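The structure appears below as structure tokens.
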Amino acid sequence: MTFTIDKNTTYRLPEQAASSVAHAWDMVKRDHEHVFGTAPVLIEQGQADVVFRYAHPEDQCPQHAEAFCFRFVHDGDRLTLHIAAADQLGLVYGMLRYSEKFLGVDPFWFWADLPPKQRDHIEVPAENYDAPQPSVRFRGWFVNDEVCLIGWKEEYPPSREVWQPVFEALLRCGGNMVIPGTDLPKHGVHADLAAEMGLWVTHHHAEPLGAEMFLRAYPGKQASYQTNPDLFEQLWEEAINKQKDRNIVWVLSFRGQGDQPFWIQDPSFDTPEKRGEMISRVVRRQYDMVRAKVADPYCCVALYGEISELYKAGHIDIPDDIIKIWADNGYGKMVSRRNGNENSRVPALPNKNEAGKHGIYYHVTFHDLQASNHLTMFSANADLIKREVEEAFGVGAKDYVLVNSGNIRPHLYTLDLVRELWLRGQANTEEHLHSFVSRMFSTKRSEIAELYCDYATRTIQYGPNEDDKAGDEFYHHPAREIVGHWLRGKSDQPLASLKWVTGEVDFPVQVERLRKLCADAIPGWTDMLENIERILPALDEAERIRLQDHLQLHAALHRSGCEGFAKLGQSYQAYRDGNNPLAFVYASQAMWKYEQGLKALKRAEHGKWEHFFRADWLTNIKSTVGNMDTLRRWLRMQGDNPDFFKWYKTYLMPETEKYIYLENTHRNPLSDDELARQLAEKFGV
């Protein structure tokens, strides 16, 4: 028996539908119209072909939170589909499952430019369906370091136009929780819209309870709970009152202002015991304040950075019904994160069978101004994600999964992998990759899947651990640090901020080690880009653009970064050799190579994506280009100043002219670009 969906299919919603259900209906309505070419008919009462409603006992719908079921019902000679749910969010998931399963709408349709196919009608098997219970209770994204989303449109803070596709994609991935942005103004729509669409809202660990930052609320006051407990508690009280009628996963925490340890501002807390006691006391106070206003609240504590170390050492006491959130190191490994040059890699998971509730905060994208991936995909193999998340589940950390999702668009593959993990509790990375690629492309699927596998083999292995893999920030912030150190005249001293990657060596050796890492990676990225170019002609226009946006762009950013850094290293070596003109040429070539990254971003800003990368303020390729320009100008000052004609005369002027030209007729010096091009040709580099 089959059930037919076509342009005449009618729908019915429950009476007085909640805002979340109304939002889901807007999605289904849009999807139906795209597939069949006409808007669907919504019937307020009476018979409808597809009925969205709350479950009755006779439906035998699963009883877990957010459950839904499909029931095909005979209404006389007519077959109807009832999508019934236990609660509002379950109904939203049921509606979106209908959209995906029957109308063919991909969870990432917006972000991958993958609209559903247009059809005359759709025949589906009339088989009842019970939604399985997700493996993880709270499943969500932290839309963090979201500068592309911020800069995409003119309005700040970002408007509904920006946030709706983010929250829709999360709901379609089975997510139910979100931190909607990083330190955005409280008057923005982000938190309100997330709640409207049915999501649980949670908070950044630096903003406990979602309260205003202390120093914003009380400028000039000492940000010390010891000194001003009443002022802190007033902010917490205000935050609780504002959110107490919403679905909130309350974050209890106590860090200092600006997401750093509180003892940096209050150095009297000079022992682990003092610090742990203060955190325990504050968490307990926040916990009691929430419980006074909210019945049976869900609360969590982020065991992030120094708090994890204090907890592991036994200095922090947390009630068992508070979910303890363990964090990876930003590179996918469940160990403590690197802090500057310190990298203790302390395991960041609960002991097996440890009491209480546990969850994880996991990065598929990160920003640390060292080697993180921000504009590009996760740099290590997908098997690392699978193993680390499954191991966390295995020791009981499955009450909560929060994924750092960044700007969404560059990270669809890994976000989709985590979707499978939080829904099913496990994943087969090979099967998942082929499923993902099959959704995105209709041909050359095996070759494209192989490219995704190749990607992690091309990224730079800068350290001994499997997660020591370089993302796009590796090529930029360290390069700018090198230029600054060099031009400040400190080349006789090691650059302390690079010891995490180079070790304890002199500055010239630091530069050379980084140069070699980047230079050695160039052939791999070139090979990958050539393989992509061979596939592109076989794809239709939409799929060609999709491969360019979601794989070619990433490889291009890596290669241009490697090439730029390699040229920077050559420039420094030429400078040390006393060859300023050659150093100038290499610095110019470094700038041109980095500019290729800007051009790659620009190519990906087509159609609705116009300006998507204009707020690249974190990796900040534009800043790196500017630094290379500063460097070459400084180098030209070393030997071509003040007339900026000497290098032209020495290396480029024909021999017949050098000794007879009249200086007053040769006063127009070459631009930096033109001089660099001509000198490069002269030097053969």
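Overview of values
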item	result
Angstrom value of the Kirkwood radius, inverse mean 1/r, which spans all Cα pairs in the chain	27.8
Ordering of 344-353, 277-286 by packing [mean C-beta count within 10 Å, highest first]	277-286, 344-353
Cα-based convex hull, region 174-227, per residue volume (Å³, whole number)	84
Contact order relative to length of the chain, as percent, for alpha carbon pairs under 8 angstrom and 6 or more apart	10
At most 16 other Cβ within 10 Å, DSSP loop - chymotrypsin sites (Phe, Trp or Tyr not before Pro), region 486-547	none
Nearest-ten-degree value, helix 19-36 long axis tilted from longest Cα axis of the chain	80
Proxy reagent accessibility, fewest Cβ within 10 Å first, across Thr202, Thr619	Thr202, Thr619
Span from the region 279-319 Cα centroid across to the region 97-149 one, whole angstrom	35
Cα extents of region 559-685 along the three principal axes, largest first (Å)	59, 32, 24
Compactness index (Cα Rg / 2.2 N^0.38 Å), region 2-130	1.00
Length-normalised contact order of region 2-130 in % [C-alpha pairs under 8 Å, at least 6 apart]	32
Unsatisfied cross-links (Cα-Cα over 21 Å) in the set Lys333/Lys599; Lys386/Lys516; Lys7/Lys29; Lys444/Lys602	Lys333/Lys599; Lys386/Lys516; Lys444/Lys602
Charge dipole magnitude, Cβ of K and R +1, D and E -1 - region 2-130, Cα centre, debye nearest 20	180
Assigned charges on the beta-carbon of Lys, Arg, Asp, Glu; the chain dipole about Cα centre (debye)	1180
Magnitude of the charge dipole, region 459-639, Cβ model with Lys/Arg +1 and Asp/Glu -1, debye to 20	720
Rounded to whole Hz, the Karplus (6.51, -1.76, 1.60) HN-Hα couplings of region 189-194, x for glycine and proline	8, 4, 6, 4, 5, 4
With Cα atoms, 0 to 90° folded angle of helix 507-535 axis to the chain main axis	60
Where GluC sites (Glu not before Pro) fall in DSSP loop in region 437-526, at most 14 other Cβ within 10 Å	Glu504
Unit charges at the beta carbon, dipole of region 90-184: most positive-side option, Val162, Phe138, Leu184	Phe138
Antiparallel DSSP beta bridges within the chain, as percent of all bridges there, nearest 5	35
Proxy reagent accessibility, fewest Cβ within 10 Å first, across Ile150, Ile307	Ile150, Ile307
Mean separation of Cα contacts under 8 Å, 6 or more apart, over the residue count of region 355-486: relative contact order %	36
Reachable lysines from Lys274, criterion Cα separation under 24 angstrom, eight or more residues apart if same chain	Lys221, Lys312, Lys324
Convex hull volume per residue for region 489-620, taking Cα atoms only, in Å³	126
Unit charges at the beta carbon, dipole of the chain: most positive-side option, Ala479, Ala195, Gly639	Gly639
For His606, His74, His34, order by how many other beta-carbon atoms lie within 10 Å, fewest first	His74, His606, His34
Region 438-495-region 550-568 distance, computed between alpha-carbon centres (Å)	8
The chain: Cys lacking any partner C-beta under 4.7 angstrom	Cys148, Cys173, Cys299, Cys300, Cys453
Selection of GluC sites (Glu not before Pro), region 351-415, meeting DSSP coil and at most 14 other Cβ within 10 Å	Glu354
Helix-only mean residue ellipticity at 222 nm for the chain, each DSSP H run of n ≥ 4 adding -39500 (n - 2.57), per residue, nearest 500	-13500 deg cm²/dmol
Rounded to 5, the percent of DSSP beta bridges in region 1-128 classed as antiparallel	60
Cut-off under 5 Å, modelled amide H: who pairs with Val105 long-range	Glu100
Furthest towards positive pole of dipole, Ile460, Gly561, Tyr586, structure part region 459-639, Cβ charges	Tyr586
Local net charge near Phe507, Cβ-Cβ under 13 Å (Lys/Arg +1, Asp/Glu -1)	+1
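A short reminder: the numbers here are calculations on the coordinates, not readings from a lab. Keep in mind it's a predicted model, so treat the numbers as computed, not measured. All Cβ positions, glycine included, derive from the backbone under ideal geometry; neighbour counts span all protein chains shown.
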